[in-house]
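The values are calculated or read from the model by the stated rules, or taken from the named source; none is laboratory data. Keep in mind that what you see is a predicted model, and the values were worked out from it rather than measured. In this analysis, Cβ positions are derived from the backbone assuming ideal geometry, glycine residues included, and neighbour counts consider all displayed protein chains. Accessible surface is based on the protein model in full, side chains and every heavy atom, while ligands, DNA and RNA are left aside. Shrake-Rupley method; radii C 1.70, N 1.55, O 1.52, S 1.80 Å.
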Amino acid sequence: MSPSPTHPDASAPSSRADFSRLEWAALLFVVCCGFSSQMVAPLWISAIITDFGLSAAAAGRVNSFEFMAVAVVSVLVAVNIRRFPTLLTTVVGMVLLLVGNVASAFTPDEMSLTFARVLCGVGKGLVEAVVFSLVAGTSHPTRSFATLNVAYAVFSTFFFFTVPYAIEREGAVGAFHAMGLVALVGTAFLPFFPRQPLSHGELDGFSLRQVPPWGIAAFFVLILLWSGQHGLMAFIERFGDARGMNAREVGQILGLAAFLTIAGPTIARVVETRFGFTPPMLLAITILIGATFVLGHSATRTAFTLAVPLFMLMPLLITPYLMGVLSLADPAGRLSAASSAAMTAGSSMGAWLGGMALTGGGLGVLSWTSIGHFAICALIILVIAPLATRRGAKVRAAAAGALGDPE
């Protein structure tokens, strides 16, 4: 039976070119409110170490399982997106986020807290898959994803400035109450959330057979980069605490740094590949290694304040170039489509390794663990970046030749 005109099939793509402003506003509010716990992970991770008596390794495991749930669910939904009604899937995701955050406040042991955070991860995975599918179907997806990143940075800034007050009042419980409240606010925008996708961007027929080895290597760099970044970032409040800073002070620095991360994709967009892939990526990863070393080995507040923004910014400068490499290696877009899951899986691995490094050797060892990740990335970039630069030149030359050929 055909769907009623007043009740269109939720799985059928819309014929419109883009969403309305109200739908865009709802989409951005829902996804950013849903991801609040991910944005302020360093704050609540530090809080559960202090208030729940968990070790850094245990806290890292809890965060790792949450990120892994996001990665697995987002991929499973993405490859079967037609089977998941847009609005209903988002509603279920937001409900799981709300329940998981509230439950986290009443689960002070590792096992039950892990279960609660996995609930949040499943909810985030559902929301992420739907939102990314919606954004990918817009008339200008690159611009739309840039808008999503800007909104993410702005919301992160707000949360980093406000959540520390909840932690000061109630500790870890206050952090989870605050994140539950934020998820509840996000659900208020669901009535205005898009009902239908504009098109379907799914991963049917995903295969790596036609992808060159340097494309696979770039995908591995993406995982390794975000493993090293989140492995330290998850415990960044511990670095501030070692310098005598409280959660509010660290939150203010993180808030400012989050706002400055808008510059990462902007710089990459301005510079693009006019210098090839090698110079910008190597320069950025060298700065990242330097900032990581400073965080682990300088005891001053000034050094911490200067290093944190660089540490948060550089991966966001490198990532667009890696996405460009993936696009050249796999023009069909399969690697690019899987990139979000790769970054989330890397963050999951980083949280686990970072927790073990911090528990086993302290802040210095954690710093060197991340530096090791970035050093391997730099070595692989030295190999793959020139190959991507040459492939890009051939693609541009072929495109120019096709435009110049008479029909």
Among the candidates 51, 18, single out the residue that is among the acidic types (Asp, Glu), touching a Ser or Thr at 6+ places or on another chain (Cβ under 6 Å) and either closer than 12 Å to residue 235 by Cβ or open to solvent by 40 Å² or more (accessible area, probe 1.4 Å) (or both). 18
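Quick grid of which residues meet (1) within 25 Å of residue 216 (Cα to Cα); (2) modelled with pLDDT under 90; (3) of a type in the set (Phe, Trp, Tyr):
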{"site": "267", "(1), (2), (3)": "no, yes, no"}
{"site": "276", "(1), (2), (3)": "yes, yes, no"}
{"site": "295", "(1), (2), (3)": "no, no, no"}
{"site": "307", "(1), (2), (3)": "no, no, no"}
Among (1) within 26 Å of residue 167 (Cα to Cα); (2) touching a His at 6+ places or on another chain (Cβ under 7 Å) - the single one residue 81 does not satisfy: (1)
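Applying the selection to region 126-147, what residues are modelled with pLDDT of 80 or more and either surrounded by fewer than 18 Cβ atoms within 10 Å (Cβ to Cβ) or of a type outside the set (A, V, I, L, M) (or both)?
Correct list: 128 only.
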Being part of a helix (DSSP H, G or I) and either modelled with pLDDT under 90 or under 21 Å from residue 181 (Cβ atoms) (or both), is that true of even one residue in region 9-22? yes
Name the one entry in 77, 91, 131, 73 that is among the aliphatic types (A, V, I, L, M) and closer than 24 Å to residue 42 by Cα. 73
Search region 302-332 for residues being in contact (Cβ under 8 Å) with a residue 40 or more places away in the chain and among the polar types (S, T, N, Q), and hand back the single one that is most open to solvent (accessible area, probe 1.4 Å). 305
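Across region 90-101, what is the number of residues that are within 19 Å of residue 194 (Cα to Cα) and open to solvent by 10 Å² or more (accessible area, probe 1.4 Å)?
Residues meeting the conditions: 3.
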Just to be sure, is residue 379 modelled with pLDDT of 80 or more, under 21 Å from residue 276 (Cα atoms) and open to solvent by 60 Å² or more (accessible area, probe 1.4 Å)? yes
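Can you find, within region 283-297, the residue that is surrounded by the fewest Cβ atoms within 10 Å (Cβ to Cβ) among those that are closer than 13 Å to residue 232 by Cβ and touching a residue at least 24 places away in the same chain (Cβ under 8 Å)?
My answer is 297.
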If you scan region 100-122, which residues turn out to be part of a helix (DSSP H, G or I), hydroxyl-bearing (Ser, Thr, Tyr) and within 14 Å of residue 44 (Cα to Cα)? 104, 114
In region 77-99, how many are in a helix (DSSP H, G or I) and in contact (Cβ under 8 Å) with a residue 40 or more places away in the chain? 16
Lone qualifier among 78, 59 - being farther than 26 Å from residue 168 by Cα, buried (at least 20 other Cβ atoms within 10 Å of the Cβ) and of a type in the set (A, V, I, L, M, F, W, C): 78
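Which one is modelled with the lowest pLDDT, of the residues in region 233-251 that are buried (at least 21 other Cβ atoms within 10 Å of the Cβ) and over 18 Å from residue 300 (Cβ atoms)? First the steps, then the outcome.
First pass over region 233-251, keeping only residues buried (at least 21 other Cβ atoms within 10 Å of the Cβ): 233-240, 247, 250-251.
Remaining after also requiring over 18 Å from residue 300 (Cβ atoms): 233-235, 247, 251.
On the way: 233: 91, 234: 88, 235: 91, 247: 83, 251: 88.
Checking each candidate, the answer is 247.
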